[in-house]
């Protein structure tokens, strides 16, 4: 009887620590997948571009543009999350090529904004929503690369959960753009947009150099 009384508490503590370890591992995996995606998607950093591209649009058209952008980002992200490695292998395309192409596109757009005050000519909100808001701003080479790498290191459901939550947060931030715009004012918003255009150019150059370095074309010391 004494053996049972000793074994039972030990069993309960073992179960407790086992469940606690599982919870810690789950939380750690979630943080390690959510945070990198939050950084590369950069919804807050992309907000000035979304606001500038939706300038002059009615509220209904602006919401439609944001919905299409998020759907586009979701489709592109999920496609590469589930089929990324297969697509790259079949087409014989390296991830670094995406970084170079996407970096060039973002660099051109940032220079255009600094020179003209507009990233693109708004002809149809659907076109702007797909490119460049949906991709490559929201889900571009950096996000695609991150998704592919995370999927090789963590459970697929965990990466999918983190990506979905990040898109949800991005959708909310984009929809709240007008309120943020009213808070900052036109002058403040344009100042922030100019700063972010410079940051976008720097990010684009960093993506290109990183890809060239990874390919062994460029060697950076120090």
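Taken together, the values in this text are just the output of simple stated rules run on the coordinates, not laboratory data. The structure presented is a predicted model; accordingly, all values stated were derived computationally and were not measured. Every residue, glycine among them, receives a Cβ derived from its backbone with ideal geometry; neighbour counts consider all protein chains shown.
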| message | Please compute the length gained on full extension between residue 214 and residue 194, using 0.36 nm multiplied by the number of residues separating them and subtracting their Cα-Cα distance. | response | 4.2 nm
| Cβ-based exposure ranking for 72, 138, in which fewest neighbours within 10 Å come first | 72, 138
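Fewest first, what order do 207, 158 take by the number of other Cβ atoms within 10 Å? Numbers along the way, then the final one.
On the way: 207 25, 158 18.
Placing the least packed residue first, the sequence is 158, 207.
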| task | Would you order 96, 55 from fewest to most other beta-carbon atoms within 10 Å of each residue's own beta-carbon? | result | 55, 96
| note | Most packed first (mean Cβ within 10 Å per residue), the peptides 208-216, 104-112 order as 104-112, 208-216
